[in-house]
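Q: Mind having a look at this structure? Questions to follow.
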Amino acid sequence: ICVGEVLIELGRGSDGRFSPSCGGDTFNVAIYLARAGLNAVFASAIGDDPYSNSVVALAAAEGVSSEFILRVPGRQPGLSLIESGPAGERVTRYWRDGAPAGELFELPDWARVAERLTRARLIYFSGITLSLYSTLGLGRLLAALEVARQQGVRVAFDGNFRPRAWKGDLQRTRAVFIETLK
(Lines give C-alpha, C1' and ligand atoms only; values in the text may rest on other atoms or scores of the structure.)
Protein backbone atom coordinates (compact mmCIF):
# COMPACT_ATOMS: atom_id res chain seq x y z
CA ILE A 1 0.00 0.00 0.00
CA CYS A 2 1.39 3.37 -1.02
CA VAL A 3 0.14 6.29 1.08
CA GLY A 4 0.22 9.88 -0.09
CA GLU A 5 -1.29 12.30 -2.54
CA VAL A 6 -1.99 12.43 -6.22
CA LEU A 7 -2.02 15.74 -8.03
CA ILE A 8 -3.41 16.87 -11.31
CA GLU A 9 -0.30 17.97 -13.20
CA LEU A 10 -0.30 20.50 -16.00
CA GLY A 11 2.92 20.19 -17.95
CA ARG A 12 3.93 22.79 -20.51
CA GLY A 13 5.18 21.29 -23.74
CA SER A 14 7.76 22.79 -26.08
CA ASP A 15 4.90 24.33 -28.07
CA GLY A 16 3.78 26.30 -24.98
CA ARG A 17 0.60 24.28 -24.51
CA PHE A 18 -0.28 22.57 -21.26
CA SER A 19 -1.37 18.96 -21.07
CA PRO A 20 -2.94 17.36 -17.99
CA SER A 21 -1.71 14.21 -16.29
CA CYS A 22 -1.74 12.72 -12.80
CA GLY A 23 1.27 12.30 -10.56
CA GLY A 24 2.79 12.37 -7.14
CA ASP A 25 5.71 10.50 -5.63
CA THR A 26 3.76 7.72 -3.90
CA PHE A 27 1.13 7.47 -6.64
CA ASN A 28 3.90 7.01 -9.19
CA VAL A 29 5.46 4.26 -7.04
CA ALA A 30 2.09 2.47 -6.84
CA ILE A 31 1.91 2.52 -10.64
CA TYR A 32 5.48 1.22 -11.01
CA LEU A 33 4.79 -1.58 -8.52
CA ALA A 34 1.66 -2.61 -10.44
CA ARG A 35 3.58 -2.52 -13.72
CA ALA A 36 6.14 -4.85 -12.11
CA GLY A 37 3.32 -7.31 -11.45
CA LEU A 38 2.78 -6.62 -7.76
CA ASN A 39 -0.58 -6.11 -6.09
CA ALA A 40 -0.47 -2.33 -5.55
CA VAL A 41 -2.95 -0.29 -3.54
CA PHE A 42 -3.00 3.49 -3.27
CA ALA A 43 -4.37 5.21 -0.16
CA SER A 44 -5.30 8.88 -0.35
CA ALA A 45 -8.26 11.24 -0.49
CA ILE A 46 -9.56 13.09 -3.54
CA GLY A 47 -12.76 14.82 -4.53
CA ASP A 48 -15.72 13.82 -6.63
CA ASP A 49 -14.99 16.08 -9.60
CA PRO A 50 -14.06 14.95 -13.13
CA TYR A 51 -10.32 15.26 -12.39
CA SER A 52 -10.67 13.00 -9.36
CA ASN A 53 -12.55 10.56 -11.58
CA SER A 54 -9.58 10.61 -13.96
CA VAL A 55 -7.27 9.67 -11.07
CA VAL A 56 -9.40 6.63 -10.27
CA ALA A 57 -9.59 5.73 -13.97
CA LEU A 58 -5.80 5.96 -14.34
CA ALA A 59 -5.26 3.83 -11.23
CA ALA A 60 -7.61 1.19 -12.66
CA ALA A 61 -5.94 1.30 -16.08
CA GLU A 62 -2.55 0.78 -14.44
CA GLY A 63 -3.77 -2.06 -12.19
CA VAL A 64 -3.59 -0.07 -8.95
CA SER A 65 -6.41 -0.70 -6.47
CA SER A 66 -8.26 2.48 -5.55
CA GLU A 67 -10.26 0.81 -2.77
CA PHE A 68 -8.58 3.12 -0.25
CA ILE A 69 -8.77 6.32 -2.26
CA LEU A 70 -11.44 8.07 -0.23
CA ARG A 71 -13.78 10.40 -2.11
CA VAL A 72 -14.78 13.71 -0.53
CA PRO A 73 -17.89 15.33 -2.02
CA GLY A 74 -17.46 18.85 -3.34
CA ARG A 75 -13.67 18.76 -3.24
CA GLN A 76 -10.92 18.30 -5.81
CA PRO A 77 -7.28 17.16 -5.81
CA GLY A 78 -4.32 19.50 -5.69
CA LEU A 79 -2.82 20.97 -8.84
CA SER A 80 0.79 21.31 -9.96
CA LEU A 81 2.07 23.32 -12.89
CA ILE A 82 5.31 22.08 -14.43
CA GLU A 83 7.47 24.24 -16.70
CA SER A 84 11.08 24.49 -17.74
CA GLY A 85 13.11 27.22 -16.09
CA PRO A 86 15.64 29.48 -17.81
CA ALA A 87 18.42 26.85 -17.59
CA GLY A 88 16.11 24.01 -18.65
CA GLU A 89 15.50 22.87 -15.06
CA ARG A 90 12.10 21.62 -13.99
CA VAL A 91 10.10 24.29 -12.15
CA THR A 92 6.98 23.16 -10.32
CA ARG A 93 4.35 25.33 -8.67
CA TYR A 94 1.68 23.84 -6.43
CA TRP A 95 -1.91 24.66 -5.54
CA ARG A 96 -2.82 22.05 -2.96
CA ASP A 97 -4.35 23.99 -0.06
CA GLY A 98 -7.83 22.61 0.45
CA ALA A 99 -7.10 19.32 -1.33
CA PRO A 100 -8.52 16.42 0.71
CA ALA A 101 -5.34 14.29 0.60
CA GLY A 102 -4.07 16.02 3.74
CA GLU A 103 -7.18 14.94 5.65
CA LEU A 104 -6.93 11.21 4.89
CA PHE A 105 -6.51 10.27 8.56
CA GLU A 106 -9.21 12.67 9.72
CA LEU A 107 -12.01 11.66 7.34
CA PRO A 108 -14.86 9.45 8.58
CA ASP A 109 -13.32 6.30 6.97
CA TRP A 110 -9.80 6.91 8.27
CA ALA A 111 -9.94 3.91 10.62
CA ARG A 112 -10.77 1.58 7.71
CA VAL A 113 -7.62 2.78 5.92
CA ALA A 114 -5.52 2.46 9.08
CA GLU A 115 -6.83 -1.06 9.74
CA ARG A 116 -5.97 -2.11 6.19
CA LEU A 117 -2.43 -0.81 6.65
CA THR A 118 -1.98 -3.26 9.52
CA ARG A 119 -2.66 -6.16 7.12
CA ALA A 120 -0.44 -5.06 4.22
CA ARG A 121 2.69 -6.85 3.08
CA LEU A 122 4.47 -3.51 2.58
CA ILE A 123 3.61 0.11 3.32
CA TYR A 124 5.38 2.81 1.35
CA PHE A 125 5.19 6.53 2.13
CA SER A 126 7.43 9.57 1.85
CA GLY A 127 8.46 12.80 3.49
CA ILE A 128 5.97 14.50 1.21
CA THR A 129 3.26 12.21 2.62
CA LEU A 130 4.19 13.31 6.14
CA SER A 131 4.05 17.00 5.16
CA LEU A 132 0.39 16.64 4.22
CA TYR A 133 -1.02 15.78 7.63
CA SER A 134 -1.96 17.68 10.76
CA THR A 135 -0.62 16.55 14.11
CA LEU A 136 -3.76 14.42 14.58
CA GLY A 137 -3.40 12.85 11.14
CA LEU A 138 0.30 12.15 11.70
CA GLY A 139 -0.42 10.56 15.06
CA ARG A 140 -2.98 8.24 13.51
CA LEU A 141 -0.69 7.31 10.61
CA LEU A 142 2.30 6.64 12.87
CA ALA A 143 0.16 4.59 15.27
CA ALA A 144 -1.10 2.46 12.37
CA LEU A 145 2.48 2.03 11.11
CA GLU A 146 3.64 0.88 14.54
CA VAL A 147 0.85 -1.70 14.83
CA ALA A 148 1.62 -2.86 11.29
CA ARG A 149 5.33 -3.22 12.08
CA GLN A 150 4.53 -5.24 15.21
CA GLN A 151 2.47 -7.57 13.00
CA GLY A 152 5.37 -8.11 10.62
CA VAL A 153 4.43 -5.61 7.91
CA ARG A 154 7.43 -4.11 6.16
CA VAL A 155 7.55 -0.33 6.11
CA ALA A 156 9.45 1.65 3.48
CA PHE A 157 10.00 5.35 4.10
CA ASP A 158 11.31 7.59 1.32
CA GLY A 159 12.77 10.68 2.99
CA ASN A 160 11.70 12.84 0.02
CA PHE A 161 11.90 16.33 1.49
CA ARG A 162 10.47 19.46 -0.06
CA PRO A 163 10.91 22.53 2.19
CA ARG A 164 7.92 24.34 0.65
CA ALA A 165 5.64 21.44 1.59
CA TRP A 166 6.58 22.01 5.23
CA LYS A 167 5.99 25.77 4.89
CA GLY A 168 9.50 26.47 6.15
CA ASP A 169 8.88 24.89 9.58
CA LEU A 170 12.14 22.95 9.87
CA GLN A 171 11.66 22.34 13.60
CA ARG A 172 8.38 20.51 12.94
CA THR A 173 9.94 18.70 9.97
CA ARG A 174 12.83 17.41 12.11
CA ALA A 175 10.50 16.34 14.90
CA VAL A 176 8.20 14.46 12.50
CA PHE A 177 11.09 12.77 10.67
CA ILE A 178 12.71 11.73 13.98
CA GLU A 179 9.44 10.30 15.27
CA THR A 180 8.84 8.51 11.97
CA LEU A 181 12.32 6.98 11.94
CA LYS A 182 11.79 5.56 15.44
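The values are calculated or read from the model by the stated rules, or taken from the named source; none is laboratory data. Since the structure is predicted, the reported quantities are computational estimates derived from the model, not experimental observations. Cβ sites come from the backbone with ideal geometry, for glycine too, and all protein chains shown count toward neighbours. For the accessible areas, the whole protein counts, side chains as well, though only heavy atoms, and no ligand, DNA or RNA atoms are used. Shrake-Rupley method; radii C 1.70, N 1.55, O 1.52, S 1.80 Å.
Q: How charged is the neighbourhood of residue 23? Take every other residue with its Cβ under 13 Å from the Cβ of residue 23, and add Lys/Arg as +1 and Asp/Glu as -1.
A: On the way: positive: 90, 96; negative: 5, 9, 25, 62.
Result for the local shell: -2.
Q: Tell me, what is the Rg over Rh of segment 1-120, with Rh the Kirkwood radius over Cα pairs?
A: On the way: Rg = 15.0 Å, Rh = 14.9 Å.
Rounded to two decimals, Rg/Rh equals 1.00.
Q: A follow-up question, please. Sorted by average packing, counted as other Cβ atoms within 10 angstrom per residue and highest first, what order do 12-21, 77-86, 149-158 take? Could the numbers behind the result be given before it?
A: On the way: 12-21: 9.8, 77-86: 15.5, 149-158: 12.7.
Descending packing order for the listed peptides: 77-86, 149-158, 12-21.
Q: Measuring from label point to label point, each 7 Å out along Cα→Cβ, what is the residue 174 to residue 158 span in nm?
A: A separation of 2.6 nm, rounded to one decimal place.
Q: Would you mind checking segment 19-46 for residues with the amide N under 16 Å from a putative spin-label position 7 Å along Cα→C-beta of residue 122?
A: Inside the label zone: 26-43.
Q: Moving on to the next point. Largest first, how would 52, 131 line up by accessible area (1.4 Å probe)?
A: Ranking 52, 131 by accessible area, largest first, yields 131, 52.
Q: If you plug each phi of segment 166-182 into the Karplus form 6.51 cos²θ - 1.76 cosθ + 1.60 with θ = phi - 60°, what whole-Hz ³J(HN,Hα) values come out, in order, with x for Gly and Pro?
A: 3J(HN,Hα) across segment 166-182, in whole Hz: 8, 6, x, 8, 5, 5, 5, 4, 4, 4, 5, 5, 4, 5, 5, 5, 4.
Q: So, taking all protein chains as they sit and a 1.4 Å probe, how much accessible area belongs to residue 170, in Å² rounded to tens?
A: We get 80 Å² for residue 170.
Q: Just the Cα atoms of segment 15-79: what Rg and Dmax do they give in Å?
A: 12.3, 38
Q: So for the chain, averaging the separation of alpha carbon pairs under 8 Å that are six or more residues apart and normalising by length, what relative contact order in percent results?
A: Details: 335 pairs, mean separation 36.8, N = 182.
After rounding, I find 20 percent.
Q: Something else: Kindly report the accessible area of segment 26-168 per residue (heavy atoms of protein chains, probe 1.4 Å, no ligands, DNA or RNA), in Å².
A: That works out to 51 Å² for each residue.
Q: Can you list residues from other chains, or at least 5 along the same chain, whose modelled amide H is less than 5 Å from the amide H of residue 63?
A: none
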